[in-house]
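The values are calculated or read from the model by the stated rules, or taken from the named source; none is laboratory data. Just so you know, these numbers come straight off a predicted model, no measurement behind them. When the accessible area is computed, the model is the full protein with side chains, heavy atoms only, and any ligands, DNA or RNA have been set aside. Shrake-Rupley method; radii C 1.70, N 1.55, O 1.52, S 1.80 Å.
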Amino acid sequence: MAARERLLAEIEAFLKAENMSATAFGRAVASDPRLVFDLRKGREPSARLMDAVADFIEIVGQAISFRFEK
């Protein structure tokens, strides 16, 4: 599986788990509301974008875990 497909699978799983729209995700990660739609159409992500996505998913996941641990 290519990097774009792996990244997109991770994003899609996150969107489903967090009930977040693709537009909101793109804006939050890269100030790009078309990000997920463009990836779905074949856009190749840069290393910087892949890092930004991973960081966002990790930070949001930690925040959600913290919220439910209280």
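Helical runs (DSSP H, four residues minimum) scored at -39500 (n - 2.57) apiece and divided by the length of the chain put the mean residue ellipticity at 222 nm at -24500 deg cm²/dmol. Under the criterion of Cα pairs below 8 Å and six or more residues apart, the relative contact order for the chain equals 27 percent. Excluding ligands, DNA and RNA, the accessible surface per residue across the chain is 68 Å² with a 1.4 Å probe. Surface composition of the chain: carbon plus sulfur atoms contribute 54% of the solvent-accessible area (1.4 Å probe, protein chains only, all chains present). What's the whole-number percent of alpha carbon pairs in the chain lying beyond 15 angstrom? Roughly 52 percent, once rounded to a whole number.
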